[in-house]
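**Q** Just dropping this structure here.
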């Protein structure tokens with residue numbers, strides 16, 4: 001079954017494809033301008049993106065909104081994770097700002113959250129939510145992953161997501177959990 005995903009992030013696309021080898025996960029073939037992300041929750045932003053991109057195919061399409069929630073920062077950066085240090089911030093900019101804001105703070109518990117919105121024929125079908133707990137360390141470790149991965153230490157893998165290979169990360173990650181829920185739903189739907 002072909003399932004389209006709405007992402008221009010090659011790291012996310014690799015994870016999406018790795019999550020379900022029995023599906024043909026593809027990026028939309030047409031270049032579609034990204035919609036504004038004006039929602040105040042991951043659910044709202046994922047649905048907004050999926051509905052906007054879903055207008056360009058009659059097939060299943062999913063979009064995700066994901067980010068990092070740090071308890072000591074009141075859940076920030078949250079829905080602003082990709083643009084925490086500004087609209088055109090790089091991963092390095094965002095990571096530097098996060099470390100700066102956590103200076104002197106002992107409680108560094110955090111979680112990655114991912115919400116996937118699935119649409120078909122321009123209609124929202126369902127949303128799926130995954131989360132993984134961890135903590136923010138003092139300096140980046142590991143060349144793998146993207147975003148905050150080198151700062152996010154996950155006990156379940158015993159290292160940062162930046163040190164974990166994609167196979168290891170996809171066993172426990174927020175994105176893997178949400179994707180597994182969605183692909184299970186699609187398998188069940190296809191078999192009925």
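The values are calculated or read from the model by the stated rules, or taken from the named source; none is laboratory data. Please read these numbers as outputs of a predicted model, since none were measured by experiment. With ideal geometry, Cβ positions are generated from the backbone for all residues, glycine too; neighbour counts draw on all protein chains shown.
**Q** Please indicate, with yes or no, whether at least one residue in region 21-41 is part of a helix (DSSP H, G or I) and either crowded, with 18+ Cβ neighbours inside 10 Å or modelled with pLDDT of 95 or more (or both).
**A** No, region 21-41 contains no residue that is part of a helix (DSSP H, G or I) and either crowded, with 18+ Cβ neighbours inside 10 Å or modelled with pLDDT of 95 or more (or both).
**Q** Name the residues in region 47-92 that are free of Cβ contacts under 8 Å to residues at least 40 places away in the same chain and part of a loop (DSSP other than H, G, I, E, B), would you?
**A** Listed by number, the residues that qualify are 56, 74, 75, 76, 84, 85, 86, 87, 88, 89, 90.
**Q** Report, by residue number, each residue of region 47-69 that is within 16 Å of residue 130 (Cα to Cα) and touching a helix residue (DSSP H, G or I) at 6+ places or on another chain (Cβ under 8 Å).
**A** 62, 63, 64, 65, 66, 67, 68, 69
**Q** Hey, another quick one. Does region 124-151 hold any residues that are assigned to a strand (DSSP E or B), over 14 Å from the mean Cα position of the chain (by Cα) and either without any contact (Cβ under 8 Å) to a residue 24 or more places away in the chain or buried (at least 21 other Cβ atoms within 10 Å of the Cβ) (or both), and which are they?
**A** Selection gives 134, 136.
**Q** Now for a separate question. What about residue 44, is it part of a helix (DSSP H, G or I), in contact with a strand residue (DSSP E or B) (Cβ under 9 Å, 6 or more places away or on another chain), free of Cβ contacts under 8 Å to residues at least 60 places away in the same chain and within 25 Å of residue 83 (Cα to Cα)?
**A** Judged against the criteria, residue 44 is a match.
**Q** Looking at region 100-110, is at least one residue in a helix (DSSP H, G or I), at pLDDT 95 or above and surrounded by fewer than 17 Cβ atoms within 10 Å (Cβ to Cβ)?
**A** yes
**Q** Output the number of residues of region 159-175 satisfying the condition of being in a helix (DSSP H, G or I) and touching a strand residue (DSSP E or B) at 6+ places or on another chain (Cβ under 7 Å).
**A** 2
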